[in-house]
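Take a look at the structure set out below.
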Amino acid sequence: MSDDNKTQLKKTPLDTLHRELGAKMVPFAGYDMPVQYPMGVLKEHLHTRTNAGLFDVSHMGQAFLTGPGAIDAFEALVPGDYKDMPTGKTRYTVLLNDSGGIMDDLMATKIEDGLYIVVNAACKDADFAHIKSKTAGKAKLEILEDRALLAIQGPKAGDVIARLSPETIDMTFMTFAKVSIAGIACFVTRSGYTGEDGFEISVPASMAGELAKKILAEPEVEAIGLGARDSLRLEAGLSLYGHDIDTTTTPVEAGLRWVINKRRREEKNFPAANIIMDQIENGTERQRVGIKPDGRAPAREGTEIQDVDGNAIGIITSGGFGPSVDGPVAMGYVKTAFSAEGTKLNLIVRGKAISANVVKMPFTPHHYRT
Amino acid sequence: MSTIKYTKDHEWVSVDGDIATVGITAYALEQLGDLVFVEVPDAGKSVTAGDEAAVVESVKAASEVYAPVSGEVTEGNPAIADDPAAVSGEAGGDGWFFKIKMSNTSELDGMMNDAEYGEYLSSLD
């Protein structure tokens, strides 16, 4: 990375704090982001699984979509049911294109006058342009440029936030509330991207540093970088946009048919509903599956998957070492005939076949606050 | 008495007669982070300087360890293949990767000594 490129990278409101904490910074989605702190990816991962980790995810896109027509207009872009969802509830969904491909995956929360949405950093400009043009005249899109987003994840996250914000104690997984944390006005969802309990905290950019320091001052909490964020989500079986899902994959192929909610299946009024409903009824040629390589060698993204007779049947889309599993873990697409749990596969790593099995995900159990 | 040389790829080479013992430096280890998988070459493998000879993987990524000299691998270190945490970064220490019976010892000539490697490291910051 040249210095020229480096100067063009955007910085999050926590940039100074990352440097004070000794983070190793890398370019990610146009931002200069902490990939790890001095603790290192392995220990950061394990710390999050046993205590609590604080992540800067301010590079992600936040917006309000409001107005009387907001819910209807948003439903026209996604297969999720937001009409029948109570206010204060958060739901994961996908933006679909006209061929049923996934333009992005996102979280949308029902608020009093519409939706609060959080989208991926790399997709946010395209997502917001798409949402804005498709909802023009029906809803107002307000992009929240001046807000940071922090995530606290791990089994101690609930205790830590309850200490700083008693009003969060009764929040359950995938709910939203406007609260005060350590005296700072925030809005939070009890959600995350690690498979653990936790919160995503939206805070005014000007207060983000102060809030992060107050949370980091709690004894259970360490700052965690993007490296561990990736290994945590992989063990949790959660897809990474641009790798495990993209415009060439449909939610049915991606094992996300649960995002097509019942009412929407009946109404068939989301993008490419005919294609998606046909796939739900008749199946797809390929499926995203969890893959557990035998032995210790990780099989990385791009690794060819073969059947036991040596025929190419798919590709790894995310793969690495799972510190909590204490072994390699992966996910990828295989021909549907090879997608059943327990199917034996070979992964071609550095020219050699490594035996592997199709397994159920997650690789580590989810611990959500239900 | 063995002599220790360093490469720009942050490997150390401990030379004893025509046997070169190869490892990675503390700097390399720090860049890689905690290692979770190490693959070392089998004895008998013939290598040319610059060939990929071993693999080290962290949680994040896989990296190669190159053969700094040409020759025949006489031994890969089973201790680090069994336990990647045994890779130490200590030049000449127990956390070595492989030993090569050198076919061309003049390949050592372009390598750095301890002081030169120290200067090279400071030039990187």
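Just a yes or no: is a residue in region A:234-241 in contact with a Lys or Arg (Cβ under 8 Å, 6 or more places away or on another chain), within 22 Å of A:Ser324 (Cα to Cα) and small (Gly, Ala, Ser)?
Yes; the residues of region A:234-241 include at least one that is in contact with a Lys or Arg (Cβ under 8 Å, 6 or more places away or on another chain), within 22 Å of A:Ser324 (Cα to Cα) and small (Gly, Ala, Ser).
Checking A:Val329 against (1) surrounded by 22 or more Cβ atoms within 10 Å (Cβ to Cβ); (2) more than 14 Å from chain B (Cβ to nearest Cβ): exactly one of these is not met. Which one?
(2)
Within region B:1-33, track down each residue that is crowded, with 20+ Cβ neighbours inside 10 Å, in contact with a Lys or Arg (Cβ under 8 Å, 6 or more places away or on another chain) and of a type in the set (D, E, K, R).
none
Working carefully through the options A:Val78, A:Val41, A:Val26, find the one that is not assigned by TED's automatic domain parsing to the domain that holds A:Val188 and not polar (S, T, N, Q).
The conditions single out A:Val78.
Might you let me know whether region A:302-313 holds any residue that is of a type in the set (A, V, I, L, M, F, W, C), more than 11 Å from chain B (Cβ to nearest Cβ), farther than 25 Å from A:His45 by Cβ and touching an Asp or Glu at 6+ places or on another chain (Cβ under 7 Å)?
Within region A:302-313, one or more residues are of a type in the set (A, V, I, L, M, F, W, C), more than 11 Å from chain B (Cβ to nearest Cβ), farther than 25 Å from A:His45 by Cβ and touching an Asp or Glu at 6+ places or on another chain (Cβ under 7 Å).
Which is touching a helix residue (DSSP H, G or I) at 6+ places or on another chain (Cβ under 7 Å) and of a type in the set (Asp, Glu), of B:Asp9, B:Asp34, B:Asp51, B:Asp42?
Exactly one residue qualifies, and that residue is B:Asp34.
Can you pull out the residues in region A:99-125 that are closer than 19 Å to A:Thr175 by Cα and of a type outside the set (Val, Ile, Thr)?
A:Asp105, A:Leu106, A:Met107, A:Ala108, A:Lys110, A:Glu112, A:Asp113, A:Gly114, A:Leu115, A:Tyr116
Does region B:17-32 include one or more residues that are touching a Gly at 6+ places or on another chain (Cβ under 6 Å) and within 14 Å of chain A (Cβ to nearest Cβ)?
yes
To keep it simple, each residue is scored yes or no on (1) in contact with a strand residue (DSSP E or B) (Cβ under 8 Å, 6 or more places away or on another chain); (2) surrounded by fewer than 19 Cβ atoms within 10 Å (Cβ to Cβ); (3) within 30 Å of A:Arg49 (Cα to Cα).
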| site | (1), (2), (3) |
| --- | --- |
| A:Val94 | yes, no, yes |
| A:Asp105 | yes, no, yes |
| A:Ala108 | yes, no, yes |
| A:Leu115 | yes, no, no |
| A:Gly137 | no, yes, no |
| A:Asp146 | yes, yes, no |
| A:Ala151 | yes, no, yes |
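In this structure, is A:Ala151 more than 20 Å from A:Asn97 (Cα to Cα), within 19 Å of the chain's Cα centre (by Cα) and among the small types (Gly, Ala, Ser)?
Yes: the conditions hold for A:Ala151.
Only residues that are among the aliphatic types (A, V, I, L, M) and not in a loop (DSSP other than H, G, I, E, B): list them for region A:242-280, please.
Matches in region A:242-280: A:Ile245, A:Val259, A:Ala273, A:Ile275, A:Ile276, A:Met277, A:Ile280.
More than 14 Å from chain B (Cβ to nearest Cβ), of a type in the set (D, E, K, R) and surrounded by 14 or more Cβ atoms within 10 Å (Cβ to Cβ), is that true of A:Arg288?
Yes: the conditions hold for A:Arg288.
Among the residues of region B:30-49, count how many are modelled with pLDDT of 95 or more and not β-branched (Val, Ile, Thr).
Selection size over region B:30-49: 10.
Restricting to region A:332-357, name every residue that is out of contact with any helix residue (DSSP H, G or I) (no Cβ under 7 Å at 6 or more places or on another chain), of a type in the set (A, V, I, L, M), surrounded by 20 or more Cβ atoms within 10 Å (Cβ to Cβ) and more than 14 Å from every other protein chain (Cβ to nearest Cβ).
Correct list: A:Val334, A:Ala356.
Given the structure, is B:Val73 in a strand (DSSP E or B) and of a type in the set (Val, Ile, Thr)?
So B:Val73 fits the description; yes.
Report, by residue number, each residue of region A:247-274 that is under 16 Å from A:Met107 (Cα atoms) and buried (at least 17 other Cβ atoms within 10 Å of the Cβ).
Across region A:247-274, the qualifying residues are A:Pro251, A:Leu256, A:Val259, A:Ile260, A:Asn261.
Which condition does A:Gly283 not pass, out of (1) without any contact (Cβ under 8 Å) to a residue 40 or more places away in the chain; (2) touching a helix residue (DSSP H, G or I) at 6+ places or on another chain (Cβ under 9 Å); (3) at positive phi, if it passes all the others?
All conditions are met except number (1).
List the helices (runs of 4 or more DSSP H) that sit entirely inside region A:1-104 and contain at least 2 residues that are more than 14 Å from chain B (Cβ to nearest Cβ) and aliphatic (A, V, I, L, M).
A:70-75
Which residue pairs have Cβ atoms closer than 6 Å, lie 6 or more positions apart in sequence or on different chains, and pair a first residue in region B:45-62 that is more than 13 Å from every other protein chain (Cβ to nearest Cβ) with a second residue that is surrounded by 14 or more Cβ atoms within 10 Å (Cβ to Cβ) and among the β-branched types (Val, Ile, Thr)?
Filtered contacts from region B:45-62: B:Lys45/B:Val73; B:Ala49/B:Val69.
The conditions are (1) part of a strand (DSSP E or B); (2) more than 14 Å from chain A (Cβ to nearest Cβ); (3) out of contact with any Phe, Trp or Tyr (no Cβ under 6 Å at 6 or more places or on another chain), and B:Glu107 fails exactly one of them. Which is it?
Unmet condition: (1).
The values are calculated or read from the model by the stated rules, or taken from the named source; none is laboratory data. Remember, it's a predicted structure, so these values are computed and weren't measured experimentally. No Cβ is skipped: glycine too gets one built from the backbone with ideal geometry, and neighbour counts run over all protein chains shown.
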